[in-house]
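The values are calculated or read from the model by the stated rules, or taken from the named source; none is laboratory data. What you see is a predicted model, and the numbers here were worked out from it, not measured in a lab. Note: ideal-geometry Cβ built from the backbone for every residue, glycine included; neighbour counts use all protein chains shown.
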Amino acid sequence: MAQHIRNVAIVGATGNSGKYMVNALLAKGTFKITAISRAGSAAPPSEVHVATVDYSDPSTLVSALKNQDALIMTMSVTAPGDTTSKLIEAAAKAGVPWILPNEFGGDTDDPVVGTDTFMGPPKIKDRRLIESLGVSNWIAVATGFWYEHSLGGPGLYGINIPKRECVLYDAGEQRIDTSTWPQVGRGVANLLSLPITSEDKNTASLEDYRNRFVFISSFTLNQREMLAAVQHVTKTTDADWKITSMPAKDKYEDGKKRLFAGDRTGFGDLLYSRTFFPGENAMLYSVTKGSDNEKLGLPKEDLEEATRNVSVAHLFVPRLRLTSKVPRKVLCSTP
């Protein structure tokens with residue numbers, strides 16, 4: 001049996017996080033990467049092989065996944081609800097031994113927060129499906145919210161940079177773990193570069209993470225620290241900002257009410273505000289679970305640089321772009 005993964009298939013190779021995963025994997029120089037893609041999708045880097053599939057024809061998925069050592073799934077929240085299960089079943093038929101399911105966010109195994117955000121049940125269902133088929137192992141990568149995306153939302157972290165407005169949840173002091181896209185990419189590449197097994201207890205292996213979560217992050221911050229970082233790079237002070245506060249629980253209930261009324265933007269509000277419930281440490285993995293950064297050889301990042309990249313690039317692309325009514329089953333089946 002080979003001691004390292006070499007062939008990696010990825011769904012979402014040109015997406016927000018997927019492209020960073022692809023670049024980090026390519027930088028290793030040891031992986032052959034295949035992008036699983038629908039006809040007409042954006043093209044990945046030229047070094048990446050493209051396997052065009054039709055999700056209505058499972059045989060195309062099985063064919064694309066043949067001889068792959070690992071499958072990474074990083075898909076949009078707007079992907080059809082059965083996309084993940086189709087990929088998992090195809091991976092089993094193709095004999096893919098390792099799957100990184102469509103996680104790359106919170107700890108969806110948390111029974112309370114997972115239920116409150118509607119993220120837990122469908123993710124648990126996916127992982128149980130992998131296990132029940134008896135072919136593949138899963139490794140769920142928890143990254144926290146993406147820093148660039150969430151800070152540049154606007155408003156996902158409560159900070160609206162263009163308008164210079166900030167809504168603090170409660171006292172703005174609940175800390176969370178958050179990751180930049182480059183760190184997510186490095187985390188995945190370093191994880192898949194581990195030996196499959198190791199007899200040395202001091203050397204991490206994929207077997208160490210079989211059917212469990214990996215926790216990585218870039219920074220551990222609260223809203224006040226995020227705002228201070230933004231103010232530092234924009235050379236502003238509190239006097240230049242409109243700063244208000246509200247209970248995180250009120251924001252959560254409002255988002256939930258709007259979501260159930262058919263307003264999809266309510267999902268983003270309930271999802272983010274839920275992690276800031278004071279004292280619950282819902283996304284403070286470095287404290288509640290323990291960080292895997294060191295085991296994966298991940299670097300310490302520069303908060304000022306990461307914040308400046310957000311402020312300069314104006315990445316004001318909301319995670320949930322659609323405001324129209326959508327089927328409940330789709331909402332509950334997305335990352």
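Points worth noting:
- Test: residue in the range 59-72 that is out of contact with any strand residue (DSSP E or B) (no Cβ under 6 Å at 6 or more places or on another chain), more than 16 Å from ALA92 (Cβ to Cβ) and assigned by TED's automatic domain parsing to the domain that holds ILE139: no
- The range 136-179, subset charged (D, E, K, R) and touching a Ser or Thr at 6+ places or on another chain (Cβ under 9 Å), residue nearest to SER218 (Cα to Cα): ASP177
- Among the residues making up the range 87-123, those that are under 20 Å from the mean Cα position of the chain (by Cα) and in a helix (DSSP H, G or I) are LEU87, ILE88, PRO111, VAL112, VAL113, GLY114, THR115, ASP116, GLY120, PRO121, PRO122, LYS123.
- Residue list for the range 239-265, filter: farther than 15 Å from THR117 by Cα, of a type outside the set (Val, Ile, Thr) and either free of Cβ contacts under 8 Å to residues at least 12 places away in the same chain or not in a loop (DSSP other than H, G, I, E, B) (or both): ALA239, ASP240, LYS242, SER245, MET246, ALA261
- Screening ALA79 against (1) of a type in the set (Gly, Ala, Ser); (2) assigned to a loop (DSSP other than H, G, I, E, B); (3) buried (at least 22 other Cβ atoms within 10 Å of the Cβ) leaves a single unmet condition, (3).
- Given (1) crowded, with 22+ Cβ neighbours inside 10 Å; (2) out of contact with any helix residue (DSSP H, G or I) (no Cβ under 6 Å at 6 or more places or on another chain); (3) in the same structural domain as THR234 (by TED's automatic domain parsing), index of the condition LYS123 fails: (3)
- If you check LYS19, LYS28, LYS32 for being touching a strand residue (DSSP E or B) at 6+ places or on another chain (Cβ under 7 Å) and surrounded by fewer than 21 Cβ atoms within 10 Å (Cβ to Cβ), only one passes: LYS32.
- When we screen SER150, SER198 for residues that are among the hydroxyl-bearing types (Ser, Thr, Tyr) and modelled with pLDDT of 95 or more, the only hit is SER150.
- Residues that are of a type in the set (Gly, Ala, Ser), closer than 25 Å to THR197 by Cα, in the same structural domain as ALA189 (by TED's automatic domain parsing) and in contact with a Gly (Cβ under 6 Å, 6 or more places away or on another chain) occur at least once in the range 21-34.
- Flag for ILE161 being touching a Gly at 6+ places or on another chain (Cβ under 8 Å) and at pLDDT below 95: yes
- Condition met for SER59 (without any contact (Cβ under 8 Å) to a residue 40 or more places away in the chain and either under 16 Å from the mean Cα position of the chain (by Cα) or in a helix (DSSP H, G or I) (or both)): yes
- Strands (runs of 3 or more DSSP E) lying entirely in the range 124-187 (those with 1 or more residues that are in contact with a Pro (Cβ under 6 Å, 6 or more places away or on another chain)): 137-142
- First in the range 21-34 and aromatic (Phe, Trp, Tyr), second anywhere and assigned to a strand (DSSP E or B), Cβ under 7 Å, 6 or more apart: PHE31/VAL8
- The numbered conditions (1) touching a residue at least 12 places away in the same chain (Cβ under 8 Å); (2) more than 19 Å from the chain's Cα centre (by Cα) are all true for VAL11 except (2).
- Taking (1) farther than 26 Å from ASP250 by Cβ; (2) touching a strand residue (DSSP E or B) at 6+ places or on another chain (Cβ under 8 Å) in turn, LEU194 satisfies each apart from (2).
- Within the option set SER37, SER56, being polar (S, T, N, Q), surrounded by fewer than 21 Cβ atoms within 10 Å (Cβ to Cβ) and over 17 Å from LEU192 (Cα atoms) holds for one residue only, SER56.
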